[in-house]
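Trainee: Handing you this structure, nothing more for now.
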Amino acid sequence: MEETVRWLTSEEQHAWRGFVRLHERLGGRLGRQLQTESSMSTADFAVLVELTDVPEGRQRFLDLAQSLEWEKSRMSHHIARMAKRGLVAREECAEDGRGAFVVITDAGREAIEAAAPRHVEAVRALFLDHVTPAELRVLADISERVVGKLDEDSS
């Protein structure tokens with residue numbers, strides 16, 4: 001049985017390709033700036049942001065992997081590298097001997113606090129300064145709707 005492909009219209013293709021280009025170029029530029037100015041990868045930054053957004057700066061290993069959309073093996077390797085650099089620590093879960101927590105360290109907090117102001121300025125200069133408040137609201141609405149659908153479909 002053959003499925004009918006819903007090919008993109010020229011307008012859809014133009015918008016999609018523009019979005020992909022924006023995502024790739026902006027992500028690449030922000031990543032290079034973060035690495036150059038803070039000696040931190042975008043993956044390091046993402047982990048530290050997640051940990052600073054939760055009480056006590058600790059999160060279950062698998063919950064962190066899920067929130068970042070990372071495979072368990074990628075999370076394990078990356079957390080091991082960050083732990084070697086003293087940015088995070090891995091703590092066993094006392095309640096259920098199988099789970100583990102990832103905890104931000106004082107060095108991790110210092111690193112994110114030093115990197116965040118520069119990163120925010122780069123986000124402003126490369127992106128926010130080039131969109132209107134109305135466009136920003138539309139982008140937020142679109143992003144929330146699509147992410148909501150992705151969250152729905154993953155559960």
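Trainee: So which residues in the range 55-70 are more than 11 Å from the chain's Cα centre (by Cα) and within 14 Å of Val88 (Cα to Cα)?
Mentor: Glu56, Gly57, Arg58, Gln59, Arg60, Phe61, listed by residue number.
Trainee: Out of all the residues in the range 13-24, which are among the basic types (Lys, Arg) and either touching a Lys or Arg at 6+ places or on another chain (Cβ under 8 Å) or open to solvent by less than 100 Å² (accessible area, probe 1.4 Å) (or both)? Give the derivation first.
Mentor: If we filter the range 13-24 for residues that are among the basic types (Lys, Arg), which is where we start, we get 17, 21.
Scanning the range 13-24 gives no hits.
Trainee: From the list Ala111, Ala122, which residue is touching a helix residue (DSSP H, G or I) at 6+ places or on another chain (Cβ under 6 Å), under 20 Å from Leu34 (Cα atoms) and touching a residue at least 24 places away in the same chain (Cβ under 8 Å)?
Mentor: None of the others qualify; the one that does is Ala122.
To keep it simple, each residue is scored yes or no on (1) in a helix (DSSP H, G or I); (2) loosely packed, with under 10 Cβ neighbours inside 10 Å; (3) within 21 Å of the chain's Cα centre (by Cα).
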site: Glu2; (1), (2), (3): no, yes, no
site: Val5; (1), (2), (3): no, yes, no
site: Leu8; (1), (2), (3): no, no, no
site: Glu11; (1), (2), (3): yes, yes, no
site: Leu26; (1), (2), (3): yes, no, yes
site: Leu30; (1), (2), (3): yes, no, yes
site: Leu34; (1), (2), (3): yes, no, yes
site: Met40; (1), (2), (3): no, no, yes
site: Ala46; (1), (2), (3): yes, no, yes
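Let's see how each residue does on (1) open to solvent by 80 Å² or more (accessible area, probe 1.4 Å); (2) in a strand (DSSP E or B); (3) aliphatic (A, V, I, L, M); (4) out of contact with any Phe, Trp or Tyr (no Cβ under 9 Å at 6 or more places or on another chain):
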position: Val102; (1), (2), (3), (4): no, yes, yes, no
position: Glu113; (1), (2), (3), (4): yes, no, no, yes
position: Ala125; (1), (2), (3), (4): no, no, yes, yes
position: Arg137; (1), (2), (3), (4): yes, no, no, yes
position: Glu152; (1), (2), (3), (4): yes, no, no, yes
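The values are calculated or read from the model by the stated rules, or taken from the named source; none is laboratory data. All values derive from a computational prediction rather than experimental measurement. Please note: Cβ atoms are built from the backbone with ideal geometry, for glycine as well, and neighbour counts cover all protein chains shown. Heavy atoms of the whole protein, side chains included, go into the accessibility calculation; ligands, DNA and RNA do not. Shrake-Rupley method; radii C 1.70, N 1.55, O 1.52, S 1.80 Å.
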